[in-house]
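Okay, structure first, notes after.
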Amino acid sequence: MVTAILARLARVRVTVGYAVVLAVVTVALVSLDPAVQDRIILHASTNLHNLRHGHLGTLLGSAFVVDAGPLSDWLPGLICLLALAELLWRSRRLIIAFAVGHVGATLVVAAGLWVAVTYGWLPRSVTRTADVGMSYGATAVLGAITPAIPRRWRPAWMGWWVAVAVTAVVVDQDFTDVGHLVALMLGMLVATWFGAPRPWTYPTAALLGLASCFGFMVFASSPGLIGAAAAAGLAGAAVTMAGAAAWTLPRSRRGPKANPSAGEPQADVRRRRGLPQAPERLDAPGTQGDCRLMGVVDAE
């Protein structure tokens, strides 16, 4: 029995290892004085101040420092999401999707903040805002599940999540929401090179439902955003499904391309196209008798 449990855990070893590290770091952080917690979080933050001063290690360290409340609020959902992706895509592809989303979205957000601060669109205080956590990587993993969704439902899946992410950006107008949207798109993009996923099973289908709930709460982190995000997601799913149906229906109704030359004698076709006429075959029906007749006449 122990061997069977270990074998199953080995299939999601990256998820288990990352969850254990997050739990240990979070428990240790909570046990510290609040002032010490703030210093650690700011030191590990990927804010513009740290990146401009060459603290590139924060691109890695920030993924292991989560300031999102009690573990019970976010760790179970994160485990479901990562385990689902690892079961579908295997460990290496999970790491790639998470890393691309976490680092890529961080750099894009940092570049946008630098432009906004340079031109005075945002105050300089935003450069020291704490920015830690796993949310960019998690939303990228959520996007990376897209190619594994059955083709029939894939447009609805994409339309739902893109609409939810855009709504969060419009309503909250926070750079973190922009990072979530960028990470989601990066995950969808990078997963197109992952090849074929493992087949769906009942456990992975159950994990998909739990992971989707967790992903929605990451995007709609504020209570006032939940209703608007859900409505936008439904509208986005409906629009993309209708668009996909409109695109595929005319293609499915097309028959095979008609051949205008079908049934036309080959000689007429070659004459119409300006091609040289093929020499008459001596073994064609009716020619052998003519040749024999000509031989008889010549002999006489």
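The values are calculated or read from the model by the stated rules, or taken from the named source; none is laboratory data. Since we're looking at a predicted model, the values are computed, not measured. So basically every Cβ, Gly included, is an ideal-geometry build from the backbone, and we count neighbours across all protein chains shown. Side chains are part of the model used for accessible areas, which takes the heavy atoms of the whole protein and leaves out ligands, DNA and RNA. Shrake-Rupley method; radii C 1.70, N 1.55, O 1.52, S 1.80 Å.
Of all the numbered requirements in (1) surrounded by 21 or more Cβ atoms within 10 Å (Cβ to Cβ); (2) more than 15 Å from the chain's Cα centre (by Cα), Glu86 misses one, and that requirement is (2).
Counting only helices (runs of 4 or more DSSP H) that fall entirely inside the stretch 188-300 and contain at least 3 residues that are at pLDDT below 90, the qualifying elements are 226-253, 266-272, 287-299. The residues on offer are Thr118, Thr192, Thr139, and the sole one that is touching a residue at least 60 places away in the same chain (Cβ under 8 Å) and hydroxyl-bearing (Ser, Thr, Tyr) is Thr139.
Looking at Arg8, Arg13, Arg52, just one residue is without any contact (Cβ under 8 Å) to a residue 12 or more places away in the chain and either in contact with a Ser or Thr (Cβ under 7 Å, 6 or more places away or on another chain) or basic (Lys, Arg) (or both), and that residue is Arg8.
Could you list, in sequence order, the residues of the stretch 124-155 that are of a type in the set (Gly, Ala, Ser), open to solvent by 20 Å² or more (accessible area, probe 1.4 Å) and assigned to a helix (DSSP H, G or I)? Residues satisfying the conditions are Ser125, Ser135. If you filter the stretch 3-39 down to residues that are among the small types (Gly, Ala, Ser) and more than 26 Å from the chain's Cα centre (by Cα), you find that the one that is surrounded by the most Cβ atoms within 10 Å (Cβ to Cβ) is Ala23. Out of the residues in the stretch 1-52 that are of a type in the set (S, T, N, Q) and in contact with an Asp or Glu (Cβ under 7 Å, 6 or more places away or on another chain), state the one that is modelled with the lowest pLDDT. It comes out as Asn47. For the stretch 151-159, the criterion of being under 18 Å from Val109 (Cβ atoms) and touching a Ser or Thr at 6+ places or on another chain (Cβ under 8 Å) is met by no residue. In the stretch 62-72, the condition of being surrounded by 12 or more Cβ atoms within 10 Å (Cβ to Cβ) and farther than 27 Å from Val108 by Cβ is met by at least one residue. The condition of being open to solvent by 20 Å² or more (accessible area, probe 1.4 Å), farther than 20 Å from Ala237 by Cα and part of a helix (DSSP H, G or I) holds for only one of Trp160, Trp114, Trp121, that being Trp114. Pairs linking a residue in the stretch 195-209 that is under 14 Å from Arg11 (Cβ atoms) to a residue that is outside any loop (DSSP other than H, G, I, E, B) and open to solvent by 70 Å² or more (accessible area, probe 1.4 Å), with Cβ atoms under 8 Å and 6 or more positions apart or on different chains, are Arg198/Arg90. Being more than 26 Å from Ile145 (Cβ to Cβ), in contact with a helix residue (DSSP H, G or I) (Cβ under 8 Å, 6 or more places away or on another chain) and open to solvent by 20 Å² or more (accessible area, probe 1.4 Å): is that true of Leu42 here? Spelling it out, Leu42 is indeed more than 26 Å from Ile145 (Cβ to Cβ), in contact with a helix residue (DSSP H, G or I) (Cβ under 8 Å, 6 or more places away or on another chain) and open to solvent by 20 Å² or more (accessible area, probe 1.4 Å). Going by the structure shown, is Asp73 without any contact (Cβ under 8 Å) to a residue 12 or more places away in the chain, farther than 25 Å from Val12 by Cα and of a type in the set (Asp, Glu)? No.
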